[in-house]
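Values in this text are rule-based calculations from the coordinates and carry no lab data. Since the model is a prediction, treat every value here as computed from it, not as a measurement. We place every Cβ from the backbone using ideal geometry, glycine too, and count neighbours over all the protein chains shown.
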Amino acid sequence: MIAGAATDVGRLRTVNEDGYLAVSPAFIVVDGMGGHAAGQAAAQAALEELYALAGATIASIDPILEAVAAAQEAIVAIPSHAAFLPGATIAGVVMTLMDPRDSDAAAPGDEAQPTWVVFNIGDARVYLLRDNIMSQVTRDHSQVQVLIDTGQLTPEQARRDPRRNVVTRALGGGIADSAVPDLYSVPVQAGDRMLVCSDGLSDELDDDALATILAAGFPPQRTAELLVAASLEEGGHDNSTAVVVDALAVDGATPVPA
């Protein structure tokens, strides 16, 4: 695997409350909430726990769930006297070696297969570019997503709706019983490109803009930088973070070393 990452405070904010982890096999973006120091502290506390995934060989979802739970506990433990409690949204992708015995479709002699395990809480996102076709893997936990699901808003209307930043799940943030990630399992294919990003990026760039940059053929680091730069050109209303990961090959037994 090859990965690259970029982040920027944006044009309107004074503090960057985003943070990221880009150490194989874990590629994660954390978007702090709570304002200024609180959001920054929340992102940092979460990342300190998520670093348990860095450099590890992951063969099940359990280490991922444990790291997310530890991140939740770390954020809740942050002292705060502010009106808004520290919190964070999170999205990530982890290259795993899934045990075929965990699959109903497993055949005798099957070996562990490289698999993307994608997860999110809140409105940070993961996208997959495969064969030059981009798809959004995660589904937002947000008020406008509920309105989209019920037919009250179109996705394009939701992009400009004043409620677009109201999340229904988060780590911490005083949102009860909401620190449960959605998980998605995607078999790895050679040539896959994954994008993990904060809402400050996806709010500024629509799917066409994201897909154009992701498919332009630049290396992951340059691609991440171009994505963040494009979000600034579109207004840079929030902190913006992009982590781009390429799977160069799949050997059927072990993930390609970073």
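Quick notes
- Surface/4 of the Cα convex hull for the chain, nm²: 13.6 nm²
- The range 46-93 - convex hull of alpha carbons, volume per residue in Å³: 66 Å³
- Against the chain, whose longest principal axis comes from its Cα atoms, helix 220-233 is set at around 20 degrees.
- Taking Cα centre as origin and charging only the Cβ of basic (Lys, Arg, +1) and acidic (Asp, Glu, -1) residues, the dipole magnitude of the chain rounds to 380 debye.
- Solvent-free Debye calculation, one equal scatterer per alpha-carbon of the range 100-219: log10 I(q)/I(0) at 0.19, 0.23 Å⁻¹ equals -1.10, -1.33.
- Computed [θ] at 222 nm, helices only, for the chain once each DSSP H run of length n ≥ 4 contributes -39500 (n - 2.57): -8000 deg cm²/dmol
- Burial ordering of 20, 184, fewest other beta-carbon atoms within 10 Å first: 184, 20
- The distance separating the Cα centre of the range 32-97 from that of the range 176-211 comes to 17 Å.
- The range 1-98, dipole about Cα centre (Lys/Arg Cβ +1, Asp/Glu Cβ -1), debye to the nearest 20: 240 debye
- With the convex hull constructed from alpha-carbon coordinates only, the range 165-215 shows a mean projected area of 5.0 nm² over all directions.
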